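In what follows, a single structure is set out as structure tokens and then discussed.
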Number of protein chains: 10
Amino acid sequence: MKPFVSKQEAAQQVRVARHRAGMSWAQIAEQLGVDKEWSTAALLGSHPMTAEQAHVVQELLDLDDSTAEALQMQPYRTAITEDVVSDPTVYRFHEALMVYGPAIKELIHEEFGDGIMSAINFQMSVRRREHPGGDRVVVTFDGKFLDYQW
Amino acid sequence: MKPFVSKQEAAQQVRVARHRAGMSWAQIAEQLGVDKEWSTAALLGSHPMTAEQAHVVQELLDLDDSTAEALQMQPYRTAITEDVVSDPTVYRFHEALMVYGPAIKELIHEEFGDGIMSAINFQMSVRRREHPGGDRVVVTFDGKFLDYQW
Amino acid sequence: MKPFVSKQEAAQQVRVARHRAGMSWAQIAEQLGVDKEWSTAALLGSHPMTAEQAHVVQELLDLDDSTAEALQMQPYRTAITEDVVSDPTVYRFHEALMVYGPAIKELIHEEFGDGIMSAINFQMSVRRREHPGGDRVVVTFDGKFLDYQW
Amino acid sequence: MKPFVSKQEAAQQVRVARHRAGMSWAQIAEQLGVDKEWSTAALLGSHPMTAEQAHVVQELLDLDDSTAEALQMQPYRTAITEDVVSDPTVYRFHEALMVYGPAIKELIHEEFGDGIMSAINFQMSVRRREHPGGDRVVVTFDGKFLDYQW
Amino acid sequence: MKPFVSKQEAAQQVRVARHRAGMSWAQIAEQLGVDKEWSTAALLGSHPMTAEQAHVVQELLDLDDSTAEALQMQPYRTAITEDVVSDPTVYRFHEALMVYGPAIKELIHEEFGDGIMSAINFQMSVRRREHPGGDRVVVTFDGKFLDYQW
Amino acid sequence: MKPFVSKQEAAQQVRVARHRAGMSWAQIAEQLGVDKEWSTAALLGSHPMTAEQAHVVQELLDLDDSTAEALQMQPYRTAITEDVVSDPTVYRFHEALMVYGPAIKELIHEEFGDGIMSAINFQMSVRRREHPGGDRVVVTFDGKFLDYQW
Amino acid sequence: MKPFVSKQEAAQQVRVARHRAGMSWAQIAEQLGVDKEWSTAALLGSHPMTAEQAHVVQELLDLDDSTAEALQMQPYRTAITEDVVSDPTVYRFHEALMVYGPAIKELIHEEFGDGIMSAINFQMSVRRREHPGGDRVVVTFDGKFLDYQW
Amino acid sequence: MKPFVSKQEAAQQVRVARHRAGMSWAQIAEQLGVDKEWSTAALLGSHPMTAEQAHVVQELLDLDDSTAEALQMQPYRTAITEDVVSDPTVYRFHEALMVYGPAIKELIHEEFGDGIMSAINFQMSVRRREHPGGDRVVVTFDGKFLDYQW
Amino acid sequence: MKPFVSKQEAAQQVRVARHRAGMSWAQIAEQLGVDKEWSTAALLGSHPMTAEQAHVVQELLDLDDSTAEALQMQPYRTAITEDVVSDPTVYRFHEALMVYGPAIKELIHEEFGDGIMSAINFQMSVRRREHPGGDRVVVTFDGKFLDYQW
Amino acid sequence: MKPFVSKQEAAQQVRVARHRAGMSWAQIAEQLGVDKEWSTAALLGSHPMTAEQAHVVQELLDLDDSTAEALQMQPYRTAITEDVVSDPTVYRFHEALMVYGPAIKELIHEEFGDGIMSAINFQMSVRRREHPGGDRVVVTFDGKFLDYQW
């Protein structure tokens, strides 16, 4: 059987290949014609790509065939290990959920009733907000409200 | 020594007292003159209140003195236990971080360089976005970028 | 402040009170006019009841006011602790997920594409299926398919 | 000694080989003459196959001899790791058990007495139920009731 | 509502009450007319007793009504916590499973085929075997074989 | 240095080699002249074999020299990982200990006083007991009683 | 039923009562006529005391009847929780086992063959060894060797 | 870069090489002119060796250059994994600490005041003590007392 | 027996009592004539106080006798639970250790050789360092070097 | 695709290469013109290096190209695993945080108000302090204070 790589290995290869190619995640997204948030997540293993999308990236980053194949496989969306959680850049989001999670829950129920924000019918964005006291990172979670329906 | 309650117990009392009083979290915030996100988090134990703020809430919700005192104490900001994490309304945010955390990290570094979004110089909001396919929950995390400085 | 009980304590009281009253879960559901699966879950803390529903149950089972109040509170839906997971009657479902979870995932993706079964727009049922080799427990999970939509 | 592969490695090879062959899980099951739920689970390592079944699949998917051999080995049925549990498609089932597990337990005892649903004398199915509000995933667990007998 | 106790609390009370009454577990079993293994497990919370059985024990050990009630409740069979596992008398059985578990599995499959020993249609015994080199503890696990049947 | 394999790797090789050779565990034990329970445990890494025993098995199963060497090494007796514990065939024994462990402890103390069953001066057996309601698996743990002696 | 306390609660009471009485652990042992290591362990819950021993301690430390009763109960010997492990005075022993455990294992096997040091037929001592560079703590573990006997 | 091995890999190689060479740990220690406890620990990765010591062992056991190099590297002294802890020969020491740890702590404080036994300025020994009832393993921990000094 | 409180409960009472009394930790330290770092740690349960010190604090903060007694008890120094670790103010120190721990280890070995910084013969300080870009928190750990001595 | 190594593998190679080259961490830092604390952390994977810095180190330590490349990659700053935490040299810092963490928190809040020490705008140092009773390790954490700002 021809060799193959896992999506986790493919993600590691993409990170190194992007570094070597000197391309930004935004430039890759532009070539794919999709949001940079979606394509970065997909390249790191959280969404399956179409064969066409995988081929575009293979060309841009000079990836192996097995890597391009892995990008098309249906993922197990479990990219964050304990190691990733404790990275300071990622951890601050977990800390914010720890500090504000119960308040978010109460305010969702107050505004929408008993239910949840979908993480499937969902998109997120990462933006810069300029500010005289220092520019700010603004990350938005935007998902459809789903109410408990028996 | 006069009896006292922990911030966790105070939070449980606030939840029940609000239910009994029939007030919304937004109405409490309005009486306090602060964002509903901040006051809800504070009432659930994540921020210390001033004596004046605690007194206003005590009147609104008919709380005991020991509860009003607890609201003023400096918190250990560790409100989310494993139980809270697995509540479906809260869990979806953890799932979103699991699926998109590595992408958020890459895009923050691409836009800002090596550093983090502060969770201290920070605010969040919970809003409704109307949508023909079903209204959406929009939660925004907005924190100052801090770059690694030796 | 008047005393109150948590939803977990209320669930323990409901279990004992039902035993004392000699009523079945199905009879309670009939009095409430809802599915027995929903009402049993609600009485054990997984769904909030309306004031009317809580009052009906309070009368049927001779519950305290604080218990009836607890049944109406918005839950943290985290009723299963490690202790519950390892109870043999519950564990067999976890074992079935362990043995068949990856197959379920593949077959959902094959039939529906990339997405999930909702656990919110969802209902389940517990039925008996008569069988000459011994009657069978049939538990059905029935949730709306949600596809990943960016 | 000739090389061999574990059932976990065989499962990874089957997933990739099926993708390359462009066959559905249902088509493989049809060739084997068994339920698609059983064969998918077996191919992912949860049931041992006969030599004949393994040979059929080897031909269909162009597998190595060592992979076909692994499919026949007696499994340790522990296919779900923490990574699999947290995949959103699989997690929703765990969430449903968390929310409804105690109710399932009470209703099994009410209908059948003290005992369990067997996960050994057991079958499950994954079906689509058409619905005007969006089609639904219906997963059925069907196991023989076993009562506690000393 | 009248007070009640959990099965765990009842088990603690039974242990102390038996000590105070100076009765052996075997004597209690004899009064109940059942195996000492079953009754000891039941009194420690692992099986529900009938009202009659609970009444007999209540008389023998001078238990409260709430304790006698708890003995009749349907259990969550999760009596062993981490604390119990590490007690040396209990731990040796876990160690034996650690050292011999894989061999037990192979030998069950060799003798019976693919399946399990039931822990539900099951009984165990604890006996003394006299031996010149020191008497021996003999614990027997005896459960019906269940083969995987789809 | 000549290559070597761990006892865990040797155990995996033995399992595959036995499958290829079409021999039963009992036949191997017969060739070795020991109990099948002991030899199976030893071949899976839980007891060191003598050079003679290892040589017999090497011949029977066509093992590499490094595998035969590994069978003779002093083991770390830690063959059961979390994966092994959750295999249904092995798990039922853990469940039986969970349900009956406290009763076993009480009955050992009642019969023997304060002490333990040795897991070192110990043997176990796996037998079939024919039964009209379905044959039964009987596993016996038989260890010397050791009392606490200061 | 008369109130009772657990062995853990009894241990807490003994620690405070000894502090109040101003007695040393050695003095208590002397009154009991046993090694101070044994009696201190027993008073902290690791060994059952006879009624006579418990009475002597009750008099010395002015303990309640329920505490004296608890000292006589058969223990679950699981006195060390995670909290105790991480206490610096206790942790150093765990660290020594971490650093030297594999060497201890090799040297026991070299000297005695395949087997263990009993922790049941066992005694330990805590002594001071005077030393010009600072006095030393000498803790000795002394247990009967048990060899693996099938 | 020339290949290298970790101290863990080196320890595995040393164990096999010693078995092949038929030397005892005590003989190796004698050649090195150090205590067998120290050298065994060092060879298993818990202490760095000098180049001279590593060279002596390389000659005795016919080790590769990379193994001899690894023996000289500064260790992370974390040789005991969960697997090692649960090996019966090692576990008995953990059990003894579990049962006697609180007593050891009280007796150290009683004899020495508030402080600890050093695990750095420390040595241990493993000896045989002949005994008519069966020879005994005597393991001594001997470390300098360090008192809390601000 | 007269009531008593644990050191953990005493620490909670001290925190509330200090808040009520409006005194700073530094003022308490001044009254005790010790470093504020030491006295704050002692009042939170990490060091035993003398009877005189406990009496001074009892007067200053109007504490109960049982609280003053608890301050004198020998502690288990395990004040940080998981909750405390994840508090953002405390967590940053754990993060710093995560990021810089291996570098600290290398630099200690380079400067001092093989050994450790004592956490017993140890003091720490918390200071403000004024800085035009924002004042800085400076926490210093200062412990005696201990080299590995066999 | 050309081979690459992870930052963890690069760190292992740097440790061995430095040992082979006989250079100190301080000498490497001097060649780079940066603090030894920063460069050691960077070489062990906690900070990205510039291409120039990586090149200098490659020359000094004779590293492979892939290692030099890895040093420039953006890190996940999660260098400390459980293994690293329990190394005695690193563990003492965790112990100090365990014993003194709550006091540090109180004193930061007393001096600065509600907020944290930044671990991003941060530097640390490792120094020797000569002392007649034995030289001391002094580790200083120095980070900007950040107050909670909504």
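For the reader, a short list of remarks on this structure follows.
- From I:Val34, I:Val57, I:Val84, I:Val5, residue being more than 13 Å from chain J (Cβ to nearest Cβ), among the aliphatic types (A, V, I, L, M) and over 30 Å from G:Ser66 (Cβ atoms): I:Val57
- Taken over the stretch A:48-68, residues that are without any contact (Cβ under 8 Å) to a residue 40 or more places away in the chain, of a type in the set (A, V, I, L, M, F, W, C) and outside any loop (DSSP other than H, G, I, E, B) amount to 5.
- Residue satisfying all of: in the stretch J:128-150; touching a helix residue (DSSP H, G or I) at 6+ places or on another chain (Cβ under 8 Å) and crowded, with 20+ Cβ neighbours inside 10 Å; nearest to A:Ala96 (Cα to Cα) among these: J:Phe145
- Whichever residue in the stretch G:55-114 is out of contact with any Phe, Trp or Tyr (no Cβ under 7 Å at 6 or more places or on another chain) and among the hydroxyl-bearing types (Ser, Thr, Tyr) and, among such residues, is surrounded by the most Cβ atoms within 10 Å (Cβ to Cβ): G:Tyr100
- Every pair of residues 6+ apart whose Cβ atoms lie under 8 Å, when the first sits in the stretch B:35-47 and is in contact (Cβ under 8 Å) with a residue 60 or more places away in the chain while the second is part of a loop (DSSP other than H, G, I, E, B): B:Asp35/J:Trp150; B:Trp38/B:His47; B:Trp38/J:Trp150
- Selection count where residues are in contact (Cβ under 8 Å) with a residue 24 or more places away in the chain and more than 26 Å from D:Ala103 (Cα to Cα), scope the stretch C:109-118: 4
- Options E:Ser66, E:Ser39; residue that is at the interface with chain F (Cβ under 9 Å from one of its Cβ atoms) and under 14 Å from E:Val14 (Cβ atoms): E:Ser39
- Taken over the stretch D:89-109, the criterion of being hydroxyl-bearing (Ser, Thr, Tyr), facing chain C (nearest Cβ under 7 Å) and closer than 20 Å to C:Phe112 by Cα is satisfied by D:Thr89 alone.
- Options D:Asp147, D:Asp142; residue that is facing chain C (nearest Cβ under 8 Å), closer than 30 Å to E:Gln74 by Cα and either touching a strand residue (DSSP E or B) at 6+ places or on another chain (Cβ under 6 Å) or of a type in the set (Asp, Glu) (or both): D:Asp142
- Among the residues listed as A:Ala42, A:Ala51, the single one being modelled with pLDDT of 95 or more and crowded, with 19+ Cβ neighbours inside 10 Å: A:Ala42
Residues checked against (1) aromatic (Phe, Trp, Tyr); (2) in a loop (DSSP other than H, G, I, E, B); (3) within 30 Å of G:Ala51 (Cβ to Cβ):
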residue: G:Pro75; (1), (2), (3): no, yes, yes
residue: G:Leu97; (1), (2), (3): no, no, no
residue: G:His109; (1), (2), (3): no, no, no
residue: G:Met117; (1), (2), (3): no, no, no
residue: G:Ser125; (1), (2), (3): no, no, yes
residue: G:Arg128; (1), (2), (3): no, no, no
residue: G:Pro132; (1), (2), (3): no, yes, no
residue: G:Thr140; (1), (2), (3): no, no, no
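- Residue check, B:Ser46 away from chain A (no Cβ under 14 Å) and either farther than 30 Å from C:Met117 by Cβ or not aromatic (Phe, Trp, Tyr) (or both): no
- Residue in the stretch C:1-22 that is farthest from E:Gln72 (Cα to Cα), counting only those that are assigned to a helix (DSSP H, G or I) and in contact with a Leu (Cβ under 7 Å, 6 or more places away or on another chain): C:Ala10
- Total residues in the stretch I:4-34, condition touching a helix residue (DSSP H, G or I) at 6+ places or on another chain (Cβ under 6 Å) and either in contact (Cβ under 8 Å) with a residue 60 or more places away in the chain or in the same structural domain as I:Thr140 (by TED's automatic domain parsing) (or both): 4
- B:Leu71 touching a residue at least 12 places away in the same chain (Cβ under 8 Å) and either assigned to a loop (DSSP other than H, G, I, E, B) or not hydrophobic (A, V, I, L, M, F, W, C) (or both): no
- Any hit, the stretch E:23-35, residues being over 17 Å from F:Gly101 (Cβ atoms), under 14 Å from the mean Cα position of the chain (by Cα) and in a loop (DSSP other than H, G, I, E, B): yes
- Candidates are the residues of the stretch H:17-28 that are within 14 Å of chain F (Cβ to nearest Cβ) and more than 11 Å from H:Thr67 (Cβ to Cβ); the one that is surrounded by the fewest Cβ atoms within 10 Å (Cβ to Cβ) is H:Gly22.
- Check on F:Ser86, in contact (Cβ under 8 Å) with a residue 60 or more places away in the chain and either in contact with a strand residue (DSSP E or B) (Cβ under 7 Å, 6 or more places away or on another chain) or under 21 Å from E:Met98 (Cα atoms) (or both): no
- Of all residues in the stretch C:119-128 being more than 7 Å from chain D (Cβ to nearest Cβ) and without any contact (Cβ under 8 Å) to a residue 40 or more places away in the chain, the one that is nearest to the chain's Cα centre (by Cα): C:Ile120
The values are calculated or read from the model by the stated rules, or taken from the named source; none is laboratory data. Just so it is clear, the structure is predicted and the values come from calculations on it, not from any experiment. Glycine gets a Cβ as well: all are built from the backbone with ideal geometry, and neighbour counts include every protein chain shown.
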